[in-house]
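One structure is given here, and the rest of the page talks about it.
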Amino acid sequence: MGDYTPVPKDIFSQVEAPGRYNPDFIAADVRPEKIAETESLQQYACRHLGERLPEMAREGRLENCQAIHRTLAEAGLWMRVQHGHLVICDGYDHNQTPVRADSVWSLLTLDNVNQLDGGWQPVPTDIFLQVTPTERFRGRRMESCPATDKEWHRMRTGTGPQGAIKRELFSDKESLWGYSISHCSPQIEEMITQGEFTWQRCHELFAQQGLMLQKQHHGLVVVDAFNHEQTPVKASSIHPDLTLGRAEPQAGPFVSAPADLFDRVQPESRYNPELAVSDRYGVSSKRDPMLRRQRREARAEARADLRARYLAWREQWRKPDLRYGERCREIHQACRLRKSHIRAQYDDPALRKLHYHIAEVQRMQALIRLKEDIRDERQKLIADGKWYPPSYRQWVEIQAAQGDRAAVSQLRGWDYRDRRKDKSRTTTTDRCVVLCEPGGTPVYGNTGDLEARLQKNGSVRFRDRRTGEFVCTDYGDRVVFRNHHDRNALADKLDLIAPVLFGRDPRMGFEPEGNDKQFNQVFAEMVAWHNVTGRTGHEDYRITRPDVDHHREGSERYYRDYIAANSNDDASLPPPEQDKRWEPPSPG
C-alpha cells in the first residue's frame, strides 16, 4: 500500500453524493423471518365462516341445513357427523384431520342444526358441482413468515439474567386490602348467595370490622373508619360484585352510611397498619415479624444449599456412555477372526477371496446396524431426559418429587414470584391491552384532548383535559386502558386514544391482546375508519393479527362503499377539524 497519503482537500468534490451522519435518524429494526407452518384448517375455517355464519343467522338466511352446506362449499369445505358431533372437513384432501364445528362457531352444533327446517341432512355428493368453491385450503405447509412478537423480543433483548435473587424480604405489615379480604369478603359472598344483600346490611358488616363503604367518583371504595389518611381500597377488588353496576340492580340505588352507624354497631376489630394484627385474633405465628424473618432466612439458607448441591451434582454429571468405539472394535475383531478361519479352511485363492468379500459385507452390515442401534438408544435417552443435563428447575422438580423439603419450598417460591408478575399484559373484562412493537418508546406529548404525564417507571399516563379523568397508559410495548361492556362507550374510548396509537411507525403495526370479541371487532373497525378517512396522518396501518386484520379489511371495503354512496347523494364527510368523534356505521 505504500506510505500514508494525506487526505486531499477536495475529497468531497471527488465524490458524487457523499453521505452524511444524521444524529436524529432512528434506524428501524427489520423483523427477521423464519420457516414455519402456515395456517391450520381451524384457522382457515374461522377466517371464512367465523363471521359469515353468525351474520347469515342474524339476517335469517340459515333456514335449513342445505344453506350451511352451500356456505361451507364456497370455501372448499364440507360437514359431517363424527362421534355425535359435527366436524368440518377439507373437500380436497380427505386425509386432512377434521376440526370440530363448534370451534369455528359455538352455535354450530348438532342439536341446533336439528332445530332447523328438515333437521340435519347429510351433505349432497355433488355439492361441489352445485357450488363452485372460490378458494381451497392450502395450509399445513412450510413457508417463510416473520418472527412473532415474543421471538423478536427475545432476539433483540436476549433471554435476560439467569441468576436469581438469593433472598427477598417483603413487608411484614398487612395491607388494608388483605385485612378487608380476610374479614369481609366471605360474609359478602354469603349475603349475595342467600339473596340477603342490602346496602344497610353491607354497611353494618363493614362497620363491625372498623371499615366504611363510600362512593368515590363513579365507583365504590372501602376506607378505614378510624384513619381517613389511609389509602382506600377499591370495593370491587374485595368482591367482584361490589360495584354500582352490579349491586344497584339488586339492592337499589346506593345509600350512604348513616351518621349514627358506629353508635348502633360496635366494631369487633380494627385495622392497625403498624402491627397488622386485628383485635379479633391475637399475635400468632402467621403475623409475628420476628418469626417470619427467621423462617425467611432459614428458607434462603436452604435454597442456597440446594443451589450448591445442584452445582456439585452438575460438576460430576457425565453423559451416558453408549460404548460406540468399543462396540465397533468388537465388530472389527470378529471380522478378523472370521478371516483367519477362512484362511485356515480354504486353500483355493478364488474361493478364499469370495469368503473374504462375504465377511466384509457382514462387517459393513453389522456397522450399519450398530449405528441404527446407537441412534435409537440416543433418542430414547433424549426422550427420557438423560442425554443432556437437566436445568436447575428440572433438577429441583426431580428432588421435590423425592420429598426434598428445600426443593418443595423452592417450587412454592417460584410459583409465588410468577403470580406477582405484572398483570397488565392481558385483556380482561375490566382492561384492554393493545400490543405494539417490542421495546418501543412511549408517545410522550400532549395529543388531541389528552395530556401526558411521565411516570417513574418510564410509562406515560394520559388524562382527558375536558373531564380530568385518566384515559390510558402507554408502556411503549403496549397501551392499556379500561374496558367497557357497552360497545359505543368502548368505541368512544378508542377514538379518544387513537392519537396515542397512530403516533407510532405504521410499518411496525399493532394488535389487540386476547380473545375479547367485542374489543377486537371495535378495534379493527376503528383502524379501518381512520385508514379510509386518512386521519392517521401516515400511510395505512395494519393489524399484525391475521384474524383481526381480516375484519379490518372487510370494514375498510364497507366504509369505502358507504362513503362512495353518500358522495353520490351529495353527502360528504365533514373534515377532521370539524368532527373529532368517530361514529361510523357498523358493517354488520
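From the residues GLN521, VAL500, ILE88, which one has its Cα farthest along the dipole of the chain in the positive direction, the dipole being from +1 and -1 charges on Cβ of Lys/Arg and Asp/Glu about the Cα centre?
With unit charges placed on the Cβ atoms, the residue in question is ILE88.
Would you mind counting up the charge near ALA383? Only other residues with Cβ under 15 Å from its Cβ, with Lys and Arg at +1 and Asp and Glu at -1. If you can, show how the numbers build up before the last one.
Values: positive: ARG375, ARG378, LYS380, LYS386; negative: ASP376, GLU377, ASP384.
Every neighbour counted, the sum reads +1.
May I ask you to compute the full-extension gain from ARG323 to GLU39, defined as 0.36 nm times their residue separation minus their alpha-carbon distance, rounded to one decimal in nm?
Details: separation 284, 0.36 × 284 = 102.24 nm, distance 4.45 nm.
Taking 0.36 nm per residue and subtracting the Cα distance, the gain is 97.8 nm.
Between MET56 and ARG453, what length in nm is gained on full extension when 0.36 nm per residue of separation is reduced by their alpha carbon distance?
Values: separation 397, 0.36 × 397 = 142.92 nm, distance 4.69 nm.
The span from MET56 to ARG453 would gain 138.2 nm if fully extended.
Taking neighbour Cβ counts within 10 Å as the exposure measure, how do MET364, MET56 sort from fewest upward?
Values: MET364 12, MET56 16.
Ordered by Cβ neighbours within 10 Å, fewest first: MET364, MET56.
What order do you get for 259-272, 76-89 when each peptide is scored by the mean count of other beta carbon atoms within 10 Å, highest first? Present the calculation step by step, with values, prior to reporting the outcome.
Values: 259-272: 13.4, 76-89: 16.7.
Answer by packing, highest mean first, reads 76-89, 259-272.
Non-local amide H neighbours of PHE510 (under 5 Å, H modeled in plane, Pro and chain starts lacking H): which ones?
ARG542, THR544
Measuring from centroid to centroid over Cα atoms, what is the spacing of segment 231-255 and segment 354-421 in Å?
If you average the Cα positions of each part, the centres end up 55 Å apart.
In nanometres, what is the gap between the two model label sites at THR97 and TYR388, each 7 Å from Cα along Cα-to-Cβ?
2.4
Taking the Cβ of GLU190 as the centre, find all other residues whose Cβ is under 12 Å away and add up their charges (Lys, Arg: +1; Asp, Glu: -1).
Values: positive: ARG201; negative: GLU189, GLU196.
So the environment of GLU190 carries a net charge of -1.
Given H placed on each backbone N at 1.01 Å, which residues far from ARG478 in sequence or on other chains put an amide H within less than 5 Å of it?
CYS436
With labels modelled as points extended 7 Å from the Cα through the Cβ direction, what inter-label distance (nm, one decimal) is found for LEU367 paired with GLN187?
8.5
Rounded to the nearest 0.05, what FRET efficiency is calculated for ALA147 and ASP10 with R0 set to 45 Å and r the Cβ-Cβ distance? The partial results should precede the final answer.
Details: r = 47 Å, r/R0 = 1.05.
Working from the Cβ atoms, E equals 0.45.
Here are some values of P(r) over Cα pairs in 20 Å bins from 0, in percent: (1) 21, 54, 22, 3, 0; (2) 17, 37, 26, 15, 5, 1, 0; (3) 12, 30, 35, 17, 5, 1, 0. Which one was computed from this structure?
Among (1) 21, 54, 22, 3, 0; (2) 17, 37, 26, 15, 5, 1, 0; (3) 12, 30, 35, 17, 5, 1, 0, the one calculated here is (3).
Convert each backbone phi in segment 229-235 into a coupling constant with the Karplus relation 6.51 cos²θ - 1.76 cosθ + 1.60 (shift: θ = phi - 60°), then list the ³J(HN,Hα) values in order as whole Hz, x for Gly and Pro.
Rounded to whole hertz, the list is 7, 5, 4, x, 10, 5, 5.
Sorted by average packing, counted as other Cβ atoms within 10 angstrom per residue and highest first, what order do 381-390, 472-481 take? Mind showing how you got there, number by number?
Numbers: 381-390: 12.3, 472-481: 20.7.
In descending order of packing, they fall as 472-481, 381-390.
So, R0 is 45 Å and r is the distance between the beta-carbons of LEU411 and SER269; what FRET efficiency does that work out to, to 0.05?
Numbers: r = 35 Å, r/R0 = 0.77.
Efficiency, rounded to the nearest 0.05: 0.85.
Near the amide H of LEU211, under 5 Å away, which other amide H atoms are found, from residues 5 or more places off or on another chain, if H is placed in the peptide plane?
For LEU211, whose amide H was placed from the backbone, the distant partners under 5 Å are ALA225.
Treating the beta-carbon of each Lys and Arg as +1 and of each Asp and Glu as -1, no other charges, what is the dipole magnitude of the chain about its Cα centre, to the nearest 20 debye? Before the final figure, lay out each step's value.
Working: 88 positive and 88 negative charges, 748 e Å.
Value, rounded to 20: 3600 debye.
Determine the gain in length on full extension of the stretch GLN130-HIS341; use 0.36 nm per residue of separation and subtract their C-alpha separation, reporting nm with one decimal. Mind dumping the intermediate values first?
On the way: separation 211, 0.36 × 211 = 75.96 nm, distance 7.76 nm.
Taking GLN130 through HIS341 to full extension adds about 68.2 nm, to one decimal.
Determine the equivalent ellipsoid of segment 324-384 by diagonalising the alpha-carbon gyration tensor, then write out the semi-axes as square roots of 5 times the eigenvalues, largest first, rounded to whole Å.
Values: eigenvalues 213, 22, 5 Å².
Its equivalent ellipsoid spans semi-axes of 33, 10, 5 Å.
Does segment 176-264 come out rounded, prolate or oblate, given a ≥ b ≥ c as the square roots of the eigenvalues of its C-alpha gyration tensor, rounded meaning a/c under 1.5 and, failing that, prolate meaning a/b above b/c?
Values: a/c = 1.30, a/b = 1.26, b/c = 1.04.
Judged from the Cα gyration tensor, segment 176-264 comes out rounded (a/c under 1.5).
For segment 72-79, just list the computed ³J(HN,Hα) in residue order, Karplus coefficients 6.51, -1.76 and 1.60, θ = phi - 60°, integers in Hz, with x standing in for Gly and Pro.
Values per residue, Gly and Pro as x: 5, 5, 5, 9, x, 10, 8, 10 Hz.
Can you give me the Cα centroid spacing of segment 209-227 and segment 35-76 in angstrom?
Here the two parts' Cα centres lie 51 Å apart.
With each run of n ≥ 4 DSSP H residues scored as -39500 (n - 2.57), what mean residue ellipticity at 222 nm is computed for the chain after dividing by its residue count and rounding to the nearest 500 deg cm²/dmol? Mind showing how you got there, number by number?
Values: 21 runs with 257 residues, N = 588.
Dividing the helical sum by the residues of the chain leaves -13500 deg cm²/dmol.
How many angstrom lie between the Cα centre of segment 77-94 and the Cα centre of segment 459-473?
Value for the Cα centre distance between the two parts: 51 Å.
Give me the one-decimal nm value for the distance between modelled label points at ARG292 and ASN227, 7 Å along each residue's Cα-to-Cβ direction.
Those two pseudo-labels are separated by 1.4 nm.
Laboratory data are not the source of any read-out in this text; all were calculated from the coordinates shown. Predicted model only: the values in this text are computed from it and were never measured. Glycine also receives a Cβ, built like all others from the backbone with ideal geometry; neighbour counts cover every protein chain displayed.
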